[in-house]
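The values are calculated or read from the model by the stated rules, or taken from the named source; none is laboratory data. Nothing here was measured: the structure is a model prediction, and the numbers come from that model. Cβ: placed from backbone, ideal geometry, glycine included. Neighbour counts: every protein chain shown. Keep in mind that these areas ignore ligands, DNA and RNA; they rest on the heavy atoms of the full protein, side chains included. Shrake-Rupley method; radii C 1.70, N 1.55, O 1.52, S 1.80 Å.
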Amino acid sequence: MSQPETTTTQATALTNHDRKPIHIPGFIQPHGVLLALSTQLEILQVSNNTQEHLGKEPEELFGKPLSYLLEAQQIETVKQCLAKKIGIPNAFKVSINTLHRQRDFDAIAHRTEEAVILELEPTDSKSEVSFLGFHALAGEAIAKMQRTSNLIEFLHIVAQEVQKIIGFDRVMVYKFDQSGAGSVISEVKREDLSPYLGLHYPATDIPVQARELYTRCLLRFLPDLTAEPVKLVSPENPTTHQPIDLSYSVLRSFDSCCAEYHQNMGVKALLVISLIQEQKLWGLISCHHLTPKYISYEVLKMCEFLGQIVSSELAHKISYSEWDYKVKLKSLQSDFLESISQADNFIDALIKPEIRLLDLVSASGAAVCLNNEITLVGATPNIHEVRALIEWADTQVSDNLFSTDSLPKLYPEALIFKDTASGLLLLRISKIRRYYILWFRPEVIQTVNWAGNPNESIQAQADGSLILCPRKSFEQWQETVRLTSLPWKACELESAIALSNAIVGIVLSKADELAKINLELERSNRELASFAYAASHDLKEPLRGIYNFSTVLLEDYAQVLDDEGIECLQTVISLSVRMETLINALLRLSQLGQAQLREQATDLNELVTQVIEVFRASRQDSGLVDICIPRPLPTVQCDRVLVNEVFSNLLGNAFKYNDKPEQWVEIGYLSQEEEQGAGGAGEQGSRGQGAGSKGEEFSPLLRAPRPSASFPCPIPNPQSPIFYIRDNGIGIPQHHLEETIFRLFKRLHSQEKYGGGAGAGLAIVKKIVELHNGQIWVESTIGFGSIFYFTLE
C-alpha cells in the first residue's frame, strides 16, 4: 500500500459513514423537483417543494396521472425510459403552467427497479443546445487533449478545458491508488488559492459507498452546499414500502458529512466527473467553487461527455507511458521462456544469468524453491528466513500469485530483513511439489504530503467505537512512510503469471517426451535383456568346447609341444575361465532385469547370520575377521534371496579389498531421526578411534550423506531405514565414488590384484537395490575404509 499504517487503520475501521445508505437519503437538492411514478406513470411520491416550483401542493399531485402536468408528446418521451436499462436518462425540455406563469424546465427521466423517476430543473432556455453548438463547445477541448501523448500534460489540459467550460475556481484531477486513497496529480486554480497539487487524501475521504456510486454515475453536481435539502413526501414507495433508490438521480441530496467536509475547505459548489479505466474507478475530475454556482443541464452533459472522452483517451495515454517498459518485459520474457524450454537443467536456466530472473519483474532479489532445495539470487533474506517465509505462505496465502509492497505489516518476522525484502511477489507453480519463485524488493522510505492530518478524520466515541468526522484543516501535513517497497505494477504481475503458465506448459511437454522415451527404453531394455541372456547362454557352449579341447591338448599332447606352445594353451584355458566368469555375470544381470520380486517379511538378523556363516565357511582365515552388528537389525519387506546376494557381495568386497592385519566389518542401520542427528545410532557401534576399534584411524562421524544430485534415483524415503556396511579396508578414490564403481565389468585394480574378479558384483548389488525401489551410495577415505549405504523401499 502507498498510504501509511495510520490510514490503513482508518480504511479498515467501521465508520458511521461507511454504513450510511447514501443512495436512499430521502431528500433532494432544493433547486429542482422530483416525481416518482409507477410503470403506468401515476405519481406515487414527490418532493416537498412542488408548491415553490410548480404551484401545486404535494397532496394535490398524489395518484394523478402524469398527463396532469405534461403534454402527450412529453409523456411518450418519459415512457421510453421503460424500455431502457436502469439509470439511462431521457432528457427533454418542458413548459409547465404554474399559478402565476409558465415555467421552463430541463426534464430528466430514468427508471429504477420499482419506479420511474422524473426530475425537473428550472431553466432560462426553452431550446436545447444544437449539435453544432455542442461541437463548438467541446470540439476545441477534445482536439487539444488528443495532441499530447504525455499523461500528466494530457490531464493538465483536461483540467484547463473543464475550467474554461464551467468557470469554477479550482479544477483538479484526482487519482485513486489500490487502497482507495488518492492524490491530486493535476490542478488548475485561481492564483490566490492554496495549491492542492501533490497532496494525498486517505481512503476515508471518499468512502467505499461513494466510490461505488461514482463508478455507476459518471457525474455529480452540487450547486449549493449550504442549501437545505428537501424531504420527499411519503419517503417510501407505497407499492413496495421501500425507500426510493436515488442512485442515478441528478437531484439526489448530499450527506451532511460531505457538506461539512467541503465547507471546511471553503467550497460552496461542487462538480465531480468520474474517470473510468477498465470498468473501474481510476480517478475523478473534482471541481470546486467558493460560492454557489448553477450550471445548465446541457453543460453538465457536455462535461459528462468530456469525462467519457478522457476515460477513453486515458487508456491510450497510460498505455503509451508504460509501453516502453511493457515492451522490455515482453522481450525479456520471450527470451527467458525460450531458453528455459531448451535447457537441460531447469534451475540453471532460471537463475543464469541472475539478472534475467530479476529483470522479469524488476526485483532486486529472488529465491527459487523446488521441493526443499532453495536457490538464492541477488539481494535476499538468508535461506532459513526464506524457508520460514514459504512456511508462512503455505498457510496464509491461498492464491497462486501474491504480492505486497509492505511484507512486514503482514508477516512481522520480515522486520529483520526489511532492507532486502519489504516487498514480496510470490509465484506458486505447484503447492503439492512446493515449487515457488519469490521476488524481493528493498524498503524505500517515502515522505507523503497529506491534505491535513488524516488521523483527524477518525474520532473515538465514549463507547469505544470509531466514527468519521470531516477534517477542519487541509494544509499540508507530512508523514514518513517506512516498511514499504516500490509497488508491483500490473504488467509485472502479468509477467510472473506468464512465466508460471510457460513453466507448466514446458513441464507437461517434457513429461510427454519423457513418457515416450521411457516407453522406448523399456522396450529396448527388454530386447537387450533377452539378447544378453540368449547371447550369454549360447556363448557358454562353444566356450566350454574351447576349454575342454585346450585341456585335452595340454594333457595328451604336451610331449610334442615346446614350452611356448604349452604356455599358449595355458593362456587359452585361463582366458576361457575368465570369459566364463564374465558370461555368468552378464547372464545373472540379465536375469535380474527380467526378475519378479517375491517380497516377504524378512528378519535381516537371521538373513545376515546365514550370510556370515557361509562367508566364514568359505574362508580359511575367517577366524581373523571381526564382524560386528551393534544392534538388532529390523524386519523388512523384500526378496529374501536377492537381498542375501546384496549382503554377500558387500561383505565379500569388504574383506577382499582389505590389506590390514586386523580386519573388521560393521553391519547396521540408521533410522530417519538418527540420520538427521549428529551421529545417532551409528555412534553406538562406531569402530573407529576412541570407540573400541582396535586402533584403527578411520573414524568419520557415522551418518548417511545424501547421494549425489547426478544420481538418477529418487531421494530415499524418509520412513525407510538406511542400511550400511562399514570396513577398515583400502578405501576408494574420490573420483570413483559415484557411478564408476557400480558400472558393469569395471574394476578399480588390475586382474592380478586382490583376487581378481569380473567387476560385476557391485553392478548386480545396485540392480537388486533398484528393483526394491531403493538406492545405494558410498563414502570412503583412501587407506582407512569405506561405508556402503543402501535403502530398501
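Of note:
- Each of L218, L251, T240 was placed along the dipole of the stretch 121-266 (beta-carbon charges, centred on the mean Cα), and the one lying farthest toward the positive end is L218.
- Between V444 and D124, full extension at 0.36 nm per residue minus the direct alpha carbon distance yields a gain of 109.5 nm.
- Protection proxy ranking, peptides 599-611, 294-306, average beta carbon neighbours within 10 Å, highest first: 294-306, 599-611
- Rounded to the nearest whole Hz, the Karplus-based 3J(HN,Hα) values (6.51 cos²θ - 1.76 cosθ + 1.60, θ = phi - 60°) of the stretch 392-397 follow the sequence 5, 5, 4, 9, 9, 10, with x at glycine and proline.
- By average C-beta atoms within 10 angstrom, highest first, the peptides 557-564, 229-236: 229-236, 557-564
- When each of K489/K516; K64/K280; K326/K409; K175/K326 is checked by Cα-Cα distance, pairs over 32 Å: K489/K516; K64/K280
- Here the simple spin-label model places points 7 Å from the Cα toward Cβ, and for S430 and L290 these points are separated by 6.8 nm.
- Proximal charge balance of V643 [Cβ under 12 Å; K/R count +1, D/E count -1]: -3
- Note on C491: accessible area is roughly 10 Å² with a 1.4 Å probe, heavy atoms of protein only.
- Sulfur and carbon atoms: percent of accessible area, the stretch 153-207 [1.4 Å]: 49 percent
- Near the amide H of A379, within less than 5 Å, lie the amide hydrogens of G365, A366, all on another chain or at least 5 residues away, with H placed in the peptide plane.
- Extreme residue, positive dipole direction of the stretch 349-444, given options S364, I429, P442 (C-beta unit charges): I429
- Coupling constants for the stretch 409-419 follow from the phi torsions by the Karplus curve (6.51 cos²θ - 1.76 cosθ + 1.60, θ = phi - 60°), and in residue order they are 6, 9, 10, x, 4, 6, 4, 5, 10, 4, 5 Hz; glycine and proline get x.
- From phi via Karplus (6.51, -1.76, 1.60), per-residue ³J(HN,Hα) for the stretch 34-41 in Hz, x at Gly/Pro: 10, 10, 9, 10, 6, 5, 8, 6
- Note on I732: accessible area approximately 20 square angstrom, rounded to 10, probe 1.4 Å, nucleic acids and ligands left out.
- For the stretch 77-218, accessible area per residue (1.4 Å probe, heavy atoms of protein chains only), Å²: 49 Å²
- Per-residue extension of 0.36 nm, minus the Cα-Cα distance of Q308 and E494, leaves a gain of 64.2 nm for this segment.
- Ranked packing of 264-271, 396-403, 30-37, most packed first, by mean Cβ within 10 Å: 30-37, 264-271, 396-403
- If the chain linking N773 and V327 were pulled fully straight, counting 0.36 nm for each residue of separation and taking away their Cα-Cα distance, it would gain 155.6 nm.
- Amide H within-cut-off set for Q775, under 5 Å, with H built and near neighbours excluded: T791
- A simple charge model with +1 on the Cβ of Lys and Arg, -1 on the Cβ of Asp and Glu and nothing else charged puts the dipole of the stretch 223-299 at about 140 debye relative to its Cα centre.
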